[in-house]
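One structure below.
The values are calculated or read from the model by the stated rules, or taken from the named source; none is laboratory data. Just so it is clear, the structure is predicted and the values come from calculations on it, not from any experiment. With ideal geometry, Cβ positions are generated from the backbone for all residues, glycine too; neighbour counts draw on all protein chains shown.
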Amino acid sequence: MKNRSVKLMQGNEACVEGALAAGLKFYAGYPITPSTEIAEICSQKLPLIGGKFIQMEDEIAGMAATIGGSLAGLKSMTATSGPGFSLKQENIGYAALAEIPCVVVDVQRAGPSTGLPTAPSQGDIMQAKWGTHGDHPVIALSPSSVRETYDLTIKAFNLAEKYRTPVFLMLDEIVGHMREKIEIPNKDEIEVIDRIKPEKGEADYMAYRLNEGDLVPPMAAFGEGFNFHVTGLMHDEFGFPTNDSDIADKLLRRIMNKINDNVDDIVMYDEEFTENADLIVLAYGGTARSARSAVKKARMAGINVGLFKPLTIWPFPEKRVRELIAKTKKVLVPELNLGQYVLEVERIVGDKAEVYHLGKVNGEAITPDEILAKIREVL
Amino acid sequence: MANPKSNKQIKIIETWCKGCGICVEFCPVNVLKLIDDKITITDKDKCIRCGLCELRCPDYAIYLEEDKDEK
Amino acid sequence: MYTGSDLIKNNFRMDRLPHIWCPGCGHGIIMKMVTQAIENCNLEKEKVCIVSGIGCSSRAPGYMNFNTLHTTHGRALAFATGVKLANPELKVIVITGDGDCTAIGGNHLIHAARRNIDITTIVFNNNIYGMTGGQYSPTTPIKEFGTTAPFGNIEKAFDVCKLADGAGATYVGRGTAYHANQLVKLIENALENKGFSLVDAISICPTYYGRKNRKGSVVDMMKYLKDTAIDVKVAAKLPKEKTEGKFLIGEFKNIHEPEYTEEYLKILESIKSK
């Protein structure tokens, strides 16, 4: 396509470019390796478009201010790494319950604790799912290339706005710091979704009242004349706190269902050579790169393997994985942890297929040869 | 005490009164009383409508308001 | 100056009242005075955003008919910073308590003050954690009791005003629930100060703090405020022995310094004009 620009870009930079293309206007965060470039580039680029950047006093404040920015009407993002992701969990739960759209980027590094600050990891996968207390809806995306980072960042904003929920973009140090040449799509090629707003001057606006048949209430911004209330307590349609058990039950089920009932819209994945494969390598993020290379090598050696790469890691691409294991009886999950996403794969697969795990936590990436060796071992 | 609100009458929202007694204590003419933990005006005529009861009522249960029906 | 009952109808969500606070809790008085100050400053209601954290104090915004945001414990100022920077046209007020503001939210307080962002913070200071049943807070005086200080508190109390002053707030004042009219004026001046302003509003907690520390009735606690608070201007003229055992109220600081969102907008303007 003509006019598309081609740039050599780092994953973290592509994240910012994608965010800007999606309409990012507000960033609040705290410096942490290996996500810091995202903050630095935002501080440089947001003022150029009249947007706002602020470096907060800590990770918790970064998350809080991001939610504040979104409530004031701006598309908002924050970025962090494992230790900061832990600290942000409290207010992530707030955003989930109060239904405040925002994007939280976690460029994963090896943990626990301070761990290996500049080494890649996929150790926050379960934290993304279960990090904050209480049941809560989760959407998490994980790119494996610079271009995918650009695209999935846009997608993360779109999903956040559409479903009024925080969305996680789970990078890892490999993808965040990798440089690749990418073709930037033209503006008219990019789909941008904005939150649904109430009618201007709507007299009886209720912040959490649904339009008929919908699961996501329209969202006003502070200062637009609606004078509504937002709380982290269970609340009624007006947004006011309540201890009513029926209202609480209904609210929590609705915010879960707005994701659960729209899984087909949210779930994205790529697959290669999966038809009638003897084994499927299920890999995400940076590890999916090695997996792809291993699958190709294996096929050249005559081994019939396929690759399944979830782009949406939460919710889990359950439907497609169930279809695949109807035919393929072996699944290998390589990941940079000692067994996290594999738990979900095992839960879905049950006794329909054998699930193998290849985990690594020494701060180094999993190599194609390591995956190939594992393929040979289990086939 | 000056009486800038002389055209106003004292009003009570009994259901809001929690019976703390602050207004009773600081009423300069002692016309307020708690009966069964609810505020009562014992002598409307003696009330100088100074508004001190309203000022410090934490529950907005006592206040001065122009009485439109009275005239 | 408090002007009367229409204030409640004009500024509160009437169907949410009466509020949940205990009989004699000073918070009701302070909340009313916040709305009085908003009215006296002629602020446009649609442009006022009131943010709170967690605790007794932080239930206030739910009753107040503005843009209201009840956040997580201690984080009100961080949320408020996001709201204010995203839309500097909003007049942002934070209602917080002594625990919310100076313990779990202490870091946000000192940095909001340091940043000098145009947010007015009203601390509903009752010297105790009320919502959780009376644990000692960073403003509980030494030797006083809480459910977690059964042998008397041995931690020094924060002077919230000195803390805010030291951290860089451009307006600092202290009032009490008893001195309600003065409190209105202090909040008004805080709202008019373009920068980070803080009013330490001394409240009373008859239910927990009062009972635990044998402070007597609600009325006794109000009388204590009346008799023990001394205006900073009056105190300045008195010999030291006359001010002993008293606490200061009034306006401690009111200066102008570059404000964060204005400085940020200057950067945006300078980029635009290039």
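Annotations
Residue-by-condition table, conditions (1) in contact with a strand residue (DSSP E or B) (Cβ under 6 Å, 6 or more places away or on another chain); (2) among the polar types (S, T, N, Q); (3) assigned by TED's automatic domain parsing to the domain that holds A:Leu87:
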position	(1), (2), (3)
A:Ser121	yes, yes, yes
A:Gly134	no, no, yes
A:Glu148	no, no, yes
A:Lys181	yes, no, yes
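- The residues listed here are C:Glu46, C:Glu39; of these, the one that is part of a helix (DSSP H, G or I) and either in contact with a helix residue (DSSP H, G or I) (Cβ under 9 Å, 6 or more places away or on another chain) or aliphatic (A, V, I, L, M) (or both) is C:Glu39.
- Any chance B:Asp45 is modelled with pLDDT of 95 or more and either in a helix (DSSP H, G or I) or touching a helix residue (DSSP H, G or I) at 6+ places or on another chain (Cβ under 8 Å) (or both): no
- The residues on offer are A:Pro83, A:Pro112, and the sole one that is more than 19 Å from the chain's Cα centre (by Cα) and without any contact (Cβ under 8 Å) to a residue 60 or more places away in the chain is A:Pro112.
- Filtering the stretch A:253-264 to residues that are out of contact with any helix residue (DSSP H, G or I) (no Cβ under 8 Å at 6 or more places or on another chain) and touching a residue at least 24 places away in the same chain (Cβ under 8 Å) leaves A:Arg254, A:Met256, A:Asn257, A:Asn260, A:Asp261.
- The residue that is nearest to A:Leu71 (Cα to Cα), counting only those in the stretch C:85-125 that are within 8 Å of chain A (Cβ to nearest Cβ) and in contact with a Ser or Thr (Cβ under 9 Å, 6 or more places away or on another chain), is C:Ala86.
- Counting only residues that are assigned to a strand (DSSP E or B) and crowded, with 24+ Cβ neighbours inside 10 Å, the stretch C:53-105 holds 11 of them.
- On the stretch given as the stretch A:302-351, residues that are of a type in the set (D, E, K, R) and closer than 19 Å to A:Ile375 by Cα total 6.
- A:Gly93 small (Gly, Ala, Ser), within 22 Å of C:Ile54 (Cβ to Cβ) and in contact with a Ser or Thr (Cβ under 6 Å, 6 or more places away or on another chain): yes
- Flag set for A:Phe228, criterion: over 18 Å from the mean Cα position of the chain (by Cα) and outside the structural domain of A:Leu343 (by TED's automatic domain parsing).
- Of all residues making up the stretch B:14-36, the number that are more than 8 Å from chain C (Cβ to nearest Cβ), in a loop (DSSP other than H, G, I, E, B) and free of Cβ contacts under 8 Å to residues at least 40 places away in the same chain: 6
- Among the residues of the stretch C:112-142, those that are within 16 Å of C:Ala164 (Cβ to Cβ) and either in contact with a Leu (Cβ under 8 Å, 6 or more places away or on another chain) or of a type in the set (Val, Ile, Thr) (or both) comprise C:Ala112, C:Ala113, C:Ile117, C:Ile119, C:Thr120, C:Thr121, C:Ile122, C:Val123, C:Thr139.
- Of all residues in the stretch A:56-80 being more than 30 Å from A:Leu336 (Cα to Cα) and more than 7 Å from every other protein chain (Cβ to nearest Cβ), the one that is farthest from the chain's Cα centre (by Cα): A:Ser70
- Odd one out for C:Thr243, checked against (1) within 30 Å of B:Asp37 (Cβ to Cβ); (2) polar (S, T, N, Q); (3) more than 14 Å from chain B (Cβ to nearest Cβ): (1)
- Failed criterion for C:Asn11 (all others in (1) at the interface with another protein chain (Cβ under 10 Å from one of its Cβ atoms); (2) in contact with a Ser or Thr (Cβ under 9 Å, 6 or more places away or on another chain); (3) touching a residue at least 24 places away in the same chain (Cβ under 8 Å) hold): (1)
- Between C:Cys25, C:Cys56, the distinction of being within 30 Å of B:Lys11 (Cα to Cα), more than 9 Å from chain A (Cβ to nearest Cβ), in contact (Cβ under 8 Å) with a residue 60 or more places away in the chain and more than 13 Å from the chain's Cα centre (by Cα) belongs to C:Cys25 only.
- Selection within the stretch A:203-236 - β-branched (Val, Ile, Thr) and either more than 10 Å from chain C (Cβ to nearest Cβ) or without any contact (Cβ under 8 Å) to a residue 24 or more places away in the chain (or both): A:Val216
- Test: residue in the stretch A:331-344 that is under 20 Å from A:Glu272 (Cα atoms), at pLDDT 95 or above and surrounded by fewer than 20 Cβ atoms within 10 Å (Cβ to Cβ): no
- Which numbered condition C:Asn42 misses (of (1) within 13 Å of chain A (Cβ to nearest Cβ); (2) free of Cβ contacts under 8 Å to residues at least 12 places away in the same chain; (3) farther than 18 Å from B:Asp59 by Cβ): (1)
- Checking A:Val342 against (1) assigned to a loop (DSSP other than H, G, I, E, B); (2) without any contact (Cβ under 8 Å) to a residue 24 or more places away in the chain, the condition it does not meet: (1)
- Residue within the stretch A:177-187 that is free of Cβ contacts under 8 Å to residues at least 60 places away in the same chain and in contact with a Phe, Trp or Tyr (Cβ under 9 Å, 6 or more places away or on another chain) present: no
- In the set A:Ile313, A:Ile325, only one residue is under 14 Å from A:Phe273 (Cα atoms), surrounded by 15 or more Cβ atoms within 10 Å (Cβ to Cβ) and either within 18 Å of the chain's Cα centre (by Cα) or aliphatic (A, V, I, L, M) (or both); that residue is A:Ile325.
- Criterion (of a type in the set (D, E, K, R) and in contact with a Leu (Cβ under 9 Å, 6 or more places away or on another chain)) met by exactly one of C:Lys45, C:Lys84: C:Lys84
- Looking only at the stretch C:222-256, and only at residues there that are over 21 Å from the mean Cα position of the chain (by Cα) and assigned to a loop (DSSP other than H, G, I, E, B), the one that is surrounded by the most Cβ atoms within 10 Å (Cβ to Cβ): C:Leu238
- Lone qualifier among C:Ala169, C:Ala164, C:Ala201, C:Ala157 - being surrounded by 20 or more Cβ atoms within 10 Å (Cβ to Cβ), part of a loop (DSSP other than H, G, I, E, B) and small (Gly, Ala, Ser): C:Ala169
- The one condition in (1) more than 14 Å from every other protein chain (Cβ to nearest Cβ); (2) modelled with pLDDT of 95 or more that B:Pro58 fails to fulfil: (1)
- Search result, residues across the stretch A:240-266 that are farther than 23 Å from A:Ile139 by Cα and either in a strand (DSSP E or B) or in contact with a strand residue (DSSP E or B) (Cβ under 7 Å, 6 or more places away or on another chain) (or both): A:Phe240, A:Pro241, A:Thr242
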